[in-house]
There are 2 protein chains.
Amino acid sequence: MKVLVVGANGQIGKHLVSIIQDKGNMEAKAMIRNQEQAPFFEHLGAESAVVDLEGDIESIAKAAEGVDAIVFTAGSGPHTGKDKTIMVDLDGAIKTIESAKAAGVKRFVMISSFDTRRQAILDAPPSFAPYVAAKYYADEWLRSTNLDYTIIHPGGLTNDQGTGKVKTGFDLDIAEIPREDVARAIVASLENDSTIGKEFQVLNGNTPVEEAIGSI
Amino acid sequence: MKVLVVGANGQIGKHLVSIIQDKGNMEAKAMIRNQEQAPFFEHLGAESAVVDLEGDIESIAKAAEGVDAIVFTAGSGPHTGKDKTIMVDLDGAIKTIESAKAAGVKRFVMISSFDTRRQAILDAPPSFAPYVAAKYYADEWLRSTNLDYTIIHPGGLTNDQGTGKVKTGFDLDIAEIPREDVARAIVASLENDSTIGKEFQVLNGNTPVEEAIGSI
């Protein structure tokens, strides 16, 4: 299985490409913004494609040609302006979804926010609400497609080393999860077709990630 | 015909409520953010409802109960942050659309931007692109509903006195239009069911507004 990782140079993205490349039966294609980001992925033996997520759908679709799945794990990050929330978290995500359609790639895994329900927009602090709204609309757009999607809602992201153990569910109380374990949950989702058409929250926990995702 | 004007205290909104109240066969209900904005509308003989567009759908739907049409002409304005672009131009618009459904109000007129096609997002200067994207998604959301919608794409807005004459079409070269004439075009749209399910650009021109809108 060949997987286009959109946002490969992000912190989850780097873990994800690395884990995919370590497996024998998958390969990653890293979608990155600048050529200078390429050596990291070359070192992992992964192909890369330089595409501006703020550009047109055609460029993303070109990068998606021939892959079996797309993972959207790009994020504008907490230190950019709200303009990037619109251009990356909302519009970048939706253009990637449209690129999947255009390139005929059915399998799509979206890395969302912990809670993107409408009530979560209302409940969020004013500085965070626009991000939740952007993710809400990206998730809604994906749900309305015929793609084989999985939407993953991770808890508070940390850079702790992954434990390989998680807790999944919905309406969970928020807790943390290492980015490395989110990446493992993405890979497990790609390997379990039972996650198609579904979405779940994922936190640190006690169940091996393959088992937790496999039982969804 | 009773019309809920969302964004009534805006510059187009004030013209719109005034024009509606001057007609014998229509009445406006001004949806405003603060009670302090109410006297202007009371003076025009118009009902008002204080609702936070950043609040929940239920509050907007309550204001929409019993009206025959909703006009969305709220805008975050050029001097607010991009957080408001998400919370008002995108989420406020879409919550208003959902409120129309919830309240059983079929007729919906959206005041959009001059060009909200995907290419326009790419062509816009970086500072303007997020606004165009927000309006793109709001328009897309409305198009996907079963509401009797009209989407109006006005040119560059001025505070010049209205001439009552406009030019309508699509793919026009951008030009200016007084906000007062946009308000007249909204009223003419509400009075012409031939505009249902359609969208058009409107600029200053040589054709009386009722005639221009009536021929759409």
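The values are calculated or read from the model by the stated rules, or taken from the named source; none is laboratory data. Remember, it's a predicted structure, so these values are computed and weren't measured experimentally. Note that each Cβ is placed from the backbone with ideal geometry, even for glycine, and that neighbours are counted across all protein chains shown. The protein model used for the area step is the full one, side chains on, heavy atoms only, and it has no ligands, DNA or RNA in it. Shrake-Rupley method; radii C 1.70, N 1.55, O 1.52, S 1.80 Å.
Here are some notes:
- For segment B:103-124, filtered to residues that are among the aliphatic types (A, V, I, L, M) and within 17 Å of B:M31 (Cα to Cα), the residue that is farthest from the other protein chains (Cβ to nearest Cβ) is B:V109.
- Among residues of segment B:34-62 that are free of Cβ contacts under 8 Å to residues at least 12 places away in the same chain, those with a Cβ under 9 angstrom from a residue that is open to solvent by 20 Å² or more (accessible area, probe 1.4 Å) and of a type in the set (S, T, Y), sequence gap 6+ or separate chain, pair up as B:E42/B:S48.
- The residue that is most open to solvent (accessible area, probe 1.4 Å), counting only those in segment B:91-117 that are of a type in the set (D, E, K, R) and touching an Asp or Glu at 6+ places or on another chain (Cβ under 8 Å), is B:K106.
- Within segment B:125-149, the set of residues being open to solvent by 20 Å² or more (accessible area, probe 1.4 Å) and within 13 Å of chain A (Cβ to nearest Cβ) comprises B:P125, B:P126, B:S127, B:F128, B:Y131, B:Y136, B:E140, B:W141, B:R143, B:S144.
- Complete set of residues in segment B:57-107 that are on the phi > 0 side of the Ramachandran plot and at pLDDT below 95: B:G77
- On inspection, A:A38 does not qualify as buried (at least 24 other Cβ atoms within 10 Å of the Cβ) and among the hydrophobic types (A, V, I, L, M, F, W, C).
- Test: B:T195 is closer than 18 Å to B:I70 by Cα, in contact (Cβ under 8 Å) with a residue 40 or more places away in the chain, of a type in the set (S, T, Y) and within 14 Å of chain A (Cβ to nearest Cβ): no
- Selection of strands (runs of 3 or more DSSP E) fully inside segment B:99-212 by the criterion of at least 1 residues being within 18 Å of the chain's Cα centre (by Cα) and acidic (D, E) returns B:148-154, B:176-178, B:198-204.
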